[in-house]
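All of the numbers you see were taken from the coordinates with simple rules; none came from a lab. These numbers come from a predicted model, not from an experiment. All Cβ positions, glycine included, derive from the backbone under ideal geometry; neighbour counts span all protein chains shown.
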Amino acid sequence: MIIVETKKIEELAESLAGKKKVLIVGCNGCVGIHQQGGERQAEELAELFKLDKVLKNVDTTVTSILRQCDKSIVKDALTDLAAEADAILSMACGAGVQVVAESFDIPALPAHNTSFIGVQERESETFYERCVACGNCILHLTGGICPVTRCPKSHMNGPCGGLYNGKCETDKNRDCAWILIYNRLKALGELDRLKTIMEPKDFSKKTHPRSQEA
Amino acid sequence: MAKYYSKLMESVASKEFTISGEIDPPKGSNRKVIEHQTELLKPHCVAANVTDNPLGIVIMNTLAPCVIMQEMGLEAIYQATCRDRNRIALQSDVLGAAALGMKNILALSGDHTVMGDHPQAKPVFDLDSVQLTAAIRGLVNGHDMAGKELDVAPQMHIGVALSPGLEPIEPEIIKFEKKIEAGAEFAQTQCVYDTKVLERILDLTSHLDIPILPGIAPLKSVGMAKFMAKNVPGVTIPDEMLKELVESKDIKETTINITAQLIADIKDLGFPGVHIMPVGMDAEVGEMIKRSGVR
């Protein structure tokens, strides 16, 4: 899932400065499933506008669509509403905001900072990053745990010297990815995989912006 | 007889007890800081490392002090980390360092950018230390990572780090084996104060043919000892050592004696040498070595 965090209300007020009619659009795709940017969150954001000394003067319309990363859905669902607005405030991820932006002549602005591709673990309220979309998956070699994402140094050949009590030098609450991998491979009886030198990653596969035949 | 480019490797091969030191570049452009440390270490160390912005704190780079030291007659061990340079910059720096006379390089991962005084910086980590070791080996063998031939290959010996106190130690040993497979020729370790840790690492690396110089930094105060034990991964301070520091009436004397004893222990255990990180006690390194009786 794509994980997002809502921008501060002051930042939203700044980006919407001078706009009188704003269409707030929730996205029921990834961010909606995780209740970060769906219909209810769009409505809640409009309520927050009423409490802000600047944004309370903005006339808001709230709607929500299936997926903002799909241009045909965006056009079908939003064309009439967009015609009545000065700006669109998109609750989608960065990709969704850009599809909305290229679909209409009025500005489309992000309500969120797009954080990462992640998961929510059942027992916690926290989202965890699990994939950086590196373009060259090695999960079959690392016990299903991604060192590119979960090691802050994206190391490919084992833990660094910053390992401390199984945790990472960057955050004492963050598990060392390579200890997770070591434990998992050991449990799977595949520890020999650790002994093979992994070659440097091919970052040409990650050159922005990427494209792929549908 | 194998050919050695550096005094460091010659010393290790000669079975002499080999002592390397370490230079801390200043936060600024004052070359006198380097000159002063060089003068103090030169009579006692066969070579000295120059750190590469440890913890990601911006200080003078590695190469300039290396050049200054070698002009003054102290061989340098050029530290290169993967934190700030991609594979293009790393390889290019190695070629330049060799052209300036560097004969030893220590290939490290590097501390993460968030640890230092520029936490906003983009961390690079294009390679890890195993891959960097392999890349430098390739250069020494005459080709870059793309397989392109070099006109003149750098003549350098490649060192790597080992953290003897990490728990669990097995993945560290596996990684160390990969570093050797990739082309490492010598190793220096994270600070060790506990002979049990030293004995364990000797045992765990007995199948590997590589000289390991255990790293030590003088414990200058009770505070430093407690800080190291609490914050530096893999570092444990034996209770007796801490007690000695706590009860000391002359802390500098105690520090010198503890360090001298460690150096002696390291030799007695059969290590080929020691890596001393003076952390400001450069002027006392000679005395520490003298009292250790290793020479």
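For the stretch A:2-115, please report how many Lys pairs fall under 15 Å Cα to Cα, leaving out neighbours fewer than 8 apart on the same chain.
Count of close lysine pairs: 10.
GluC sites (Glu not before Pro), restricted to the stretch B:213-261: which are DSSP loop and have at most 10 other Cβ atoms within 10 Å?
Of the GluC sites (Glu not before Pro), the ones in loops of the stretch B:213-261 whose Cβ has at most 10 other Cβ atoms within 10 Å are B:247.
Too long at a 29 Å Cα-Cα cut-off: which of B:42/B:252; A:201/B:267; A:201/B:230?
A:201/B:267; A:201/B:230
Would you tell me the mean number of C-beta atoms belonging to other protein chains that fall within 10 Å of each C-beta in A:66-76, as a whole number?
The shielding value for this peptide is 0.
Once you wrap a convex hull around the alpha carbon atoms of chain A, what is its projected area averaged over all directions, in nm²?
14.7
So what J values fall out for the stretch A:171-184 if you push phi through Karplus, 6.51 cos²θ - 1.76 cosθ + 1.60 with θ = phi - 60°, rounded to Hz, Gly and Pro as x?
6, 5, 9, 9, 5, 5, 4, 6, 6, 4, 5, 4, 4, 5
Provide the per-residue ³J(HN,Hα) series for the stretch A:87-95, in order, calculated from phi with Karplus coefficients 6.51, -1.76, 1.60 and θ = phi - 60°, each as a whole number of Hz, with x at glycine and proline positions.
These are the phi-based 3J(HN,Hα) values: 7, 10, 9, 8, 8, 7, 6, x, 5 Hz.
I need B:189, A:207, A:170 ordered by Cβ neighbour count within 10 Å, fewest first.
By the 10 Å Cβ count, ascending: A:207, A:170, B:189.
Looking at chain B, I'd like the Rg to Rh ratio, where Rg is from alpha-carbon atoms and Rh is Kirkwood's inverse mean 1/r.
0.95
Once you keep just the Cα pairs under 8 angstrom separated by 6 or more residues, what percentage relative contact order results for the stretch B:101-160?
With pairs under 8 Å counted, the relative contact order is 42 percent.
Take A:112, B:36 and order them by how many other Cβ atoms sit within 10 Å, fewest up front.
Lowest count first: B:36, A:112.
With springs only between Cα atoms under 10 Å apart, run a GNM on chain A and tell me which of A:190, A:129, A:199 wobbles the most.
A:199
Does the stretch B:109-198 come out rounded, prolate or oblate by the C-alpha gyration tensor, with a ≥ b ≥ c the root eigenvalues, rounded set by a/c under 1.5 and, if not, prolate when a/b is larger than b/c and oblate if not?
oblate
Going out from 0 in 10 Å bins, what whole percent of all Cα-Cα distances in the stretch A:64-103 drops into each bin?
Bins of 10 Å from zero give 32, 63, 5 percent of pairs.
Mind listing the long-range amide H neighbours of residue B:49? Cut-off is under 5 Å, sequence gap 5 or more, other chains count too, H placed in the peptide plane at 1.01 Å from N.
Here the answer is B:21, B:22, B:23, B:77, since their amide H atoms fall under 5 Å of that of residue B:49.
So if I take the alpha carbon set of the stretch A:115-165, get Rg, then get Rh from the Kirkwood formula, what is the Rg over Rh ratio?
Answer for the stretch A:115-165: 0.99.
Above 22 angstrom, tally the Cα pairs of the stretch A:64-183 and express them as a % of all pairs, no decimals.
52
Mean residue ellipticity at 222 nm from the helices of the protein assembly as shown, using -39,500 (n - 2.57) per DSSP H segment of n ≥ 4 over the full residue count, to the nearest 500 deg cm²/dmol?
Helices in the protein assembly as shown give a 222 nm mean residue ellipticity of -10500 deg cm²/dmol.
Which whole number gives the average, over all residues in B:126-135, of C-beta atoms from other chains lying within 10 Å of the residue C-beta?
5
When a/c is below 1.5 the answer is rounded, else prolate if a/b is larger than b/c, else oblate, so apply that to the stretch A:2-115 with a ≥ b ≥ c taken from the square roots of the Cα gyration tensor eigenvalues.
It is oblate, given that a/c is not under 1.5 and a/b is not larger than b/c.
So what are the radius of gyration and Dmax for the Cα set of the protein assembly as shown, in Å?
Cα radius of gyration and Dmax of the protein assembly as shown are 27.9, 89 Å respectively.
In what order do A:140, B:143, B:157 fall by count of nearby beta-carbon atoms within 10 Å, going from fewest to most?
So the residues, fewest neighbours to most, are A:140, B:143, B:157.
Less than 16 Å apart at the alpha-carbon level, and either on another chain or at least 8 residues along: which aspartates and glutamates does that give for residue A:186?
B:167, B:170, B:172
Which residue fluctuates the most in chain A, going by a Gaussian network model with Cα springs under 10 Å, if the choices are A:110, A:200, A:159?
Looking only at A:110, A:200, A:159, the largest GNM fluctuation is found for A:200.
With Kirkwood's inverse mean 1/r over C-alpha pairs for Rh, give me the Rg to Rh ratio of the stretch B:237-295, two decimals please.
Here Rg/Rh amounts to 0.97.
Considering all alpha-carbon pairs of the stretch A:132-202, what whole percent are spaced by more than 18 angstrom?
It works out to 33 percent of all Cα pairs.
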